[in-house]
Amino acid sequence: MVFAPKSQPTAYQPSGVSVPGRQRRRYSVRLWSVRHSRLFELVYNTLAEVLLKLHPLWNLLGYHRIERPIVAIESAVKGFLFDCRMCGRCALSDTGMSCPMNCPKSLRNGPCGGVRANGHCEVEPEMPCVWVEAWNGSRQMKSGDNILKVQKPLDQSLRGSSAWLRATAERAAKDQAVKAPAP
Ligand code: SF4
């Protein structure tokens, strides 16, 4: 009969073996971003203006041609800061810089009825509810009351596309419509 050797306890304790600890760390950057929502509001508004100013250039190059590199940048930056899921229609500036797509139920208009007493999610108990965070983040923002706006249903065909470019093209079209002389 062969006995497998028993592992001996040692002084060495590998770091990061606590599951709750590991899960908490997963959310730490996104929570930090919400705590700095005012700063990110400022950064986003500036970026939106710059992208809009560059609209003639994007038009010249072709929005479809620049989509790929912009998606790569947007996904890397927002993925790191907000755990962005690239839904294609960004709500961050209306939701206290807390991405609603991180809600396991993908709720874009407020929390479900299952928020725990400690403000955590009922589906992922270690995760603070994205809507509790959204409310906290919105209270620091200048346009924080946008959180009261009703978000339209998400067009799933936009997934994986650039919300930055979409918002820019839509704003440019709106500006042009305002400037166009009435027939
Ligand atoms: S709302 Fe959409 S685009 Fe904005 S961070 Fe969340 S998944 Fe990304």
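The numbers here are math on the coordinates, done by the rules we state, and not lab data. Bear in mind that the values here come from a model prediction, so they are computed numbers and not experimental data. Ideal geometry is used to build each Cβ from the backbone, glycine not excepted, and the neighbour counts take in all protein chains shown.
Relative to the longest principal axis of the Cα atoms of the chain, the long axis of helix 37-53 lies at roughly 40 degrees. For LEU107 and TRP32, a Förster radius of 25 Å and the Cβ-Cβ distance give a FRET efficiency of 0.65, rounded to the nearest 0.05. For the chain, the relative contact order works out to 29 percent when only alpha carbon pairs closer than 8 Å and six or more residues apart are counted. Helix 19-35 and the longest principal axis of the Cα set of the chain meet at an angle near 30°. Close amide H pairs (under 5 Å, H built 1.01 Å from N) link HIS120 with CYS129, residues at least 5 positions away or on another chain.
Total lysine pairs in the chain at Cα distances under 23 Å, for residues eight or more apart or on different chains: 13. Simple spin-label estimate for ASP145 and THR10 gives 6.2 nm between the two label positions (7 Å along the Cα-to-Cβ direction from each Cα).
Taking a Cβ cut-off of under 15 Å around HIS55, the surrounding Lys, Arg, Asp and Glu residues balance to a net charge of +2, with basic ones at +1 and acidic ones at -1.
Which residues does the label zone of LEU158 cover in region 47-86, counting backbone N under 12 Å from a point 7 Å along Cα→Cβ? What the label zone holds, given the 12 Å backbone N cut-off, is 86. Phi angles across region 81-98 convert, under the Karplus curve 6.51 cos²θ - 1.76 cosθ + 1.60 with θ = phi - 60°, into 3J(HN,Hα) values of 7, 10, 6, 4, 9, 6, 6, x, 9, 6, 10, 3, 6, 9, 10, x, 6, 10 Hz, Gly and Pro given as x.
Under a model in which nothing but the beta-carbon of Lys, Arg (+1) and Asp, Glu (-1) is charged, the chain shows a dipole of about 140 debye around its Cα centre.
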